[in-house]
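Have a look at the structure below, then the notes.
The values are calculated or read from the model by the stated rules, or taken from the named source; none is laboratory data. Treat the numbers as computed from the prediction; the structure is a model and nothing was measured. Counting neighbours? That spans all protein chains shown, and the Cβs are built from the backbone with ideal geometry, glycine included.
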Amino acid sequence: MSVLVYIAQNQGQAKPVSWEIMGKARALADRLHVPLIGLVIGHGVGEVAAEAIAYGADRVLVADGPAFAAFRAYAYADALKAAIAAAQPTIILAPASAGARDAAALAACQLGIGLAAECQDLDLDADGNLVAERPIFSGNILTTVTFKAKPQMATVRSRSFPLPTKAMGRSGEIAALAVNLSELAEQEEVLGFEAAEAGEVGVENASIIVSGGRGVKGPEGFAPLRELARVLGAAVGASRAAVDAGWIPYPHQVGQTGKTVRPDLYIACGISGAIQHLAGMSNARVIVAINKDRDAPIFGVARYGVVGDLFEVVPALTEAFKAKLGRQ
Amino acid sequence: MKFVACVKLTPDTEQLADVRPEDVGSGDLGVTMVLNPWDEFAVEEVLQLQDRFGGEGAVVTVGGAEAVEALRRAVAMGIEEALLLSDPLFEGSDAWGVARILAQAIKRMDEVTLVLTGRQSVDGNSGLVGPGLAASLGVPFVSQVAKVLEVTEGSATVLRALDEGVQTVRVKTPAVLAVSKEINEPRYPNFMGIRKASRMQIPALKAAQLPGLDPKQVGEGAALIRWTNLRKPPARVGKCEFIQGATVAETASILADRLIAEKVI
């Protein structure tokens, strides 16, 4: 019996969502009086394993080797299956991030494990069974997912839980995990990799997002938004209209056919607030809307609104923050 | 060679907010139902793969009689073959159940090279049928496919978008690909297509016509998870406070102060 957490990493750097989940998993494991076991898959990921102990794991299983240098769906699923066999978990948690979510789904289906995908909260019922809250119908309905059998698996979205504090003095055990790769794993080869633009904050992990829509009018219209984002340490988001027009690449898209985000602050610039966009961002804690049209639906979800020209308001806001926060 | 798109009939995204929690699972959501927008990319990609590599195209769905409307949209876009998988035994299936049903239907088809799905449905939002289908068929799975570079005898090379960058991935075929929005721009059906689709007799298969399917492995009885306590999310409290200073600089200053006070900066 245990709680098992899949720790997603890239190039030896854990994704923050992994530790957010670890923090919640620690609380669940304590309530169940079972150990918390982490799983790290990759090549040269020893430091991530040590970090997992600091974030609350009692034991970390490490599938380390050249076979795991690049993400491959079944290879990573094979490692997860090996970890499940070793840890005998009642609860298995994984990030709902790209890659991790595929490995979790393949392993769950192959093993006949029920999986609640894209969850935003987790709890235990009176009998210690996992209950998982998740949005469905694109955020318009919430459901509490229950499981008919154990183990119970859930994938969890970024920023669903706070980042726990890291306790450097914590002790735990790190063990190598032997994985027999299946024939299916060998049927997938990674031939190349092109890294995303360095220095850009991804919208899914961002605590602040500055987002632009049709009102930015063109690719160069994102410049003032990027400047505000730089000063705030924010990510740059976009509506479908801006992405479809080719002004900014798809990974920035927030909404129905883009990313679902949950930042502390979402600054919508020149975004009218189509229902498909709201589906991706209306869970932000504070929404600011800057739009020329006072009747734009975005003001219906915003806490603060400015009716005006974003090309005047956004640079003024950047200057205001520079002055008030003492930033350059 | 054959390319197959798996699709779902889902609420029109303009009306998702009108779906009542108590109607979910009832078979009638009381809103306009359309081809799942994510699946349009899968259908379009089947058509483009046929243009590039030849072969046949097909579209499959699991659902009640009404689900045929999702197939008609795909046919109107240009898909030649459509198949409905419909049986009361299928009702209440979870993603793994739906995947097993689709897998058996695809196993009956000849020379399937690639099976394409959307990233997820706009109603269930789980994105599990694609990987479940690959696992049920015992074939490779690539998600977030931004481009199909090449399809040759026995393999396909595609681009997979991860958070940290883009991988070039080669898989053995047959394989299942969950496509991303980046992959193409779905076409609108033309008049001829719509007329053809409206007149097409679309075949339907029941559980008994899928010999490899174990009825105990599908439907509500086999579902491993259950949606309980369906409810509307809490409404956003409070109205929008419009900030209006004497000058733009003053407006910006007031707004910045509010946001700093909210402790979100």
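One residue alone among A:Ala98, A:Ala103 is within 13 Å of chain B (Cβ to nearest Cβ) and in a loop (DSSP other than H, G, I, E, B), and that residue is A:Ala98. With respect to being in the same structural domain as A:Leu122 (by TED's automatic domain parsing), part of a strand (DSSP E or B) and under 20 Å from the mean Cα position of the chain (by Cα), A:Ile41 fits the description. There is no residue in region B:61-81 that is hydroxyl-bearing (Ser, Thr, Tyr), at pLDDT 95 or above and over 15 Å from the mean Cα position of the chain (by Cα).
Candidates A:Ala8, A:Ala87, A:Ala29, A:Ala73: the one that is touching a residue at least 12 places away in the same chain (Cβ under 8 Å), more than 19 Å from the chain's Cα centre (by Cα), closer than 30 Å to B:Pro140 by Cα and surrounded by 21 or more Cβ atoms within 10 Å (Cβ to Cβ) is A:Ala87. Among the numbered criteria (1) surrounded by 21 or more Cβ atoms within 10 Å (Cβ to Cβ); (2) touching a strand residue (DSSP E or B) at 6+ places or on another chain (Cβ under 9 Å), which one does B:Ser136 miss? Unmet for B:Ser136, out of (1) surrounded by 21 or more Cβ atoms within 10 Å (Cβ to Cβ); (2) touching a strand residue (DSSP E or B) at 6+ places or on another chain (Cβ under 9 Å): (2). For region B:143-179, which residues satisfy the criterion of being in contact with a Lys or Arg (Cβ under 6 Å, 6 or more places away or on another chain) and in a loop (DSSP other than H, G, I, E, B)? Selection gives nothing. Exactly one residue out of B:Arg187, B:Arg170 is within 23 Å of B:Thr113 (Cβ to Cβ), crowded, with 18+ Cβ neighbours inside 10 Å and either modelled with pLDDT of 95 or more or within 7 Å of another protein chain (Cβ to nearest Cβ) (or both): that is B:Arg170. Of all residues in region A:10-38, those that are assigned to a loop (DSSP other than H, G, I, E, B) and charged (D, E, K, R) total 1. Taking the conditions (1) under 17 Å from the mean Cα position of the chain (by Cα); (2) farther than 21 Å from A:Ser160 by Cβ; (3) not hydrophobic (A, V, I, L, M, F, W, C) in turn, A:Ser18 satisfies each one other than (2). Within region B:222-265, the set of residues being among the β-branched types (Val, Ile, Thr) and in a loop (DSSP other than H, G, I, E, B) comprises B:Val237, B:Ile243, B:Thr247, B:Val264, B:Ile265. Do we have A:Asp121 as more than 20 Å from the chain's Cα centre (by Cα) and modelled with pLDDT of 95 or more here? No; evaluated as a whole, the condition is false for this residue.
If you go through region B:230-248 and keep only what is over 18 Å from A:Leu278 (Cα atoms) and buried (at least 16 other Cβ atoms within 10 Å of the Cβ), you end up with B:Leu230, B:Ile243, B:Val248. Restricting attention to region B:17-28, the residues being under 20 Å from the mean Cα position of the chain (by Cα) and at pLDDT 95 or above number 2. Scanning region A:240-266 for residues that are over 13 Å from B:Lys181 (Cβ atoms) and more than 9 Å from every other protein chain (Cβ to nearest Cβ) turns up A:Ala241, A:Ala242, A:Ala245, A:Gly246, A:Trp247, A:Ile248, A:Val261, A:Arg262, A:Tyr266.
Here is a yes/no grid of residues against (1) assigned to a helix (DSSP H, G or I); (2) in contact with a strand residue (DSSP E or B) (Cβ under 6 Å, 6 or more places away or on another chain):
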{"position": "B:Val31", "(1), (2)": "no, yes"}
{"position": "B:Glu66", "(1), (2)": "yes, no"}
{"position": "B:Leu71", "(1), (2)": "yes, yes"}
{"position": "B:Ile79", "(1), (2)": "no, yes"}
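Output the number of residues of region B:189-237 satisfying the condition of being free of Cβ contacts under 8 Å to residues at least 60 places away in the same chain, among the polar types (S, T, N, Q) and within 30 Å of A:Pro151 (Cα to Cα). The number of residues fulfilling the criteria is 2.
If I ask for residues that are of a type in the set (D, E, K, R) and part of a loop (DSSP other than H, G, I, E, B), which ones from region B:84-136 would you list? B:Asp87, B:Glu91, B:Asp94, B:Arg108, B:Asp110, B:Glu111, B:Arg119, B:Asp123, listed by residue number. Once region A:111-155 is narrowed to residues that are part of a loop (DSSP other than H, G, I, E, B) and small (Gly, Ala, Ser), the residue that is surrounded by the most Cβ atoms within 10 Å (Cβ to Cβ) is A:Ser138. I need a count of the residues in region A:195-220 that are surrounded by fewer than 21 Cβ atoms within 10 Å (Cβ to Cβ) and either modelled with pLDDT of 95 or more or not acidic (Asp, Glu) (or both). Adding up the residues that qualify gives 13.
Of the residues making up region A:110-132, at least one is touching a residue at least 60 places away in the same chain (Cβ under 8 Å) and in contact with a Pro (Cβ under 7 Å, 6 or more places away or on another chain). In the set (1) more than 26 Å from the chain's Cα centre (by Cα); (2) surrounded by fewer than 19 Cβ atoms within 10 Å (Cβ to Cβ); (3) facing chain B (nearest Cβ under 9 Å), A:Leu184 fails one condition alone, (2).
If I go through region A:269-328 residue by residue, how many of them are at the interface with chain B (Cβ under 9 Å from one of its Cβ atoms) and among the basic types (Lys, Arg)? Result for region A:269-328: 4. The set of residues in region A:74-94 being in a strand (DSSP E or B) and in contact with a Ser or Thr (Cβ under 6 Å, 6 or more places away or on another chain) consists of A:Ala94 alone.
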